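K.L.:
I have a structure here, written as structure tokens, and I will follow up with some questions on it.
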């Protein structure tokens, strides 16, 4: 997927996958592309690179994966590959604990919580800006805009990023107006969901609002 986009970057046909995904994607399309990139990275890592010395060196120097991407690694379900990746991390952690014991100071351990150089975060940072470019480029295409109007729209994080990168005033207004409408629709769904969960209205069947509580979380948070 990434190679396809690299070859056709900033060209209308290069937005085809994103334009088509807007028709069917539940939730933020940019979240979808980012998550797909992370999943592909982890598949490649576990299938081919767990014994790569440079990969393991980078992981060790970055003090492991952040919480988000460690969770994604567990979801991948490769027990042996994951064990291999964490072997040296645990060895290094034990060495740091020896230093902490001697110094009677825990500062040596704080880097293990920061994960400032999580390899997956670094990888994603390289490609998130590309996905953002494809989206902004797509706004020149009427069908792309129609699909965006009909779909779920963007999460708040990606909405802000898109607005920060749109220079055309008409496109800026379009994005704000369409998402104001989408967020208002979500608000109405939330209100209806809460109402129908009131004991006075418990006999009313849930409609489209049944998953509004989940959509609200995913809208307010980069997922």
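K.L.:
For residue 29, are the conditions met, namely being touching a residue at least 40 places away in the same chain (Cβ under 8 Å) and more than 19 Å from residue 116 (Cβ to Cβ)?
P.N.:
yes
K.L.:
Continuing with the same structure: Just give me the residues in the stretch 173-221 being surrounded by 15 or more Cβ atoms within 10 Å (Cβ to Cβ), closer than 25 Å to residue 132 by Cα and in contact with a helix residue (DSSP H, G or I) (Cβ under 8 Å, 6 or more places away or on another chain), in sequence order.
P.N.:
174, 175, 178, 179, 183, 186, 215, 216, 218, 219
K.L.:
Go through the stretch 63-89 and report how many residues are more than 20 Å from the chain's Cα centre (by Cα) and not in a helix (DSSP H, G or I).
P.N.:
The number of residues fulfilling the criteria is 2.
K.L.:
Select from the stretch 153-172 the residues that are in contact with a helix residue (DSSP H, G or I) (Cβ under 7 Å, 6 or more places away or on another chain) and either exposed (fewer than 12 other Cβ atoms within 10 Å of the Cβ) or in contact (Cβ under 8 Å) with a residue 12 or more places away in the chain (or both) and list them in ascending order.
P.N.:
Once the filter is applied, which keeps residues that are in contact with a helix residue (DSSP H, G or I) (Cβ under 7 Å, 6 or more places away or on another chain) and either exposed (fewer than 12 other Cβ atoms within 10 Å of the Cβ) or in contact (Cβ under 8 Å) with a residue 12 or more places away in the chain (or both), the stretch 153-172 yields 153, 154, 155, 156, 158, 159, 161, 162, 163, 165, 166.
Per-residue answers, yes or no, for (1) closer than 30 Å to residue 71 by Cβ; (2) part of a loop (DSSP other than H, G, I, E, B); (3) not assigned by TED's automatic domain parsing to the domain that holds residue 135:
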| residue | (1), (2), (3) |
| --- | --- |
| 179 | yes, no, yes |
| 188 | no, no, yes |
| 195 | no, no, yes |
| 217 | yes, no, yes |
| 222 | yes, yes, yes |
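The values are calculated or read from the model by the stated rules, or taken from the named source; none is laboratory data. Since we're looking at a predicted model, the values are computed, not measured. FYI the Cβ positions are ideal-geometry reconstructions off the backbone, even for glycines, and counts take in every protein chain you see.
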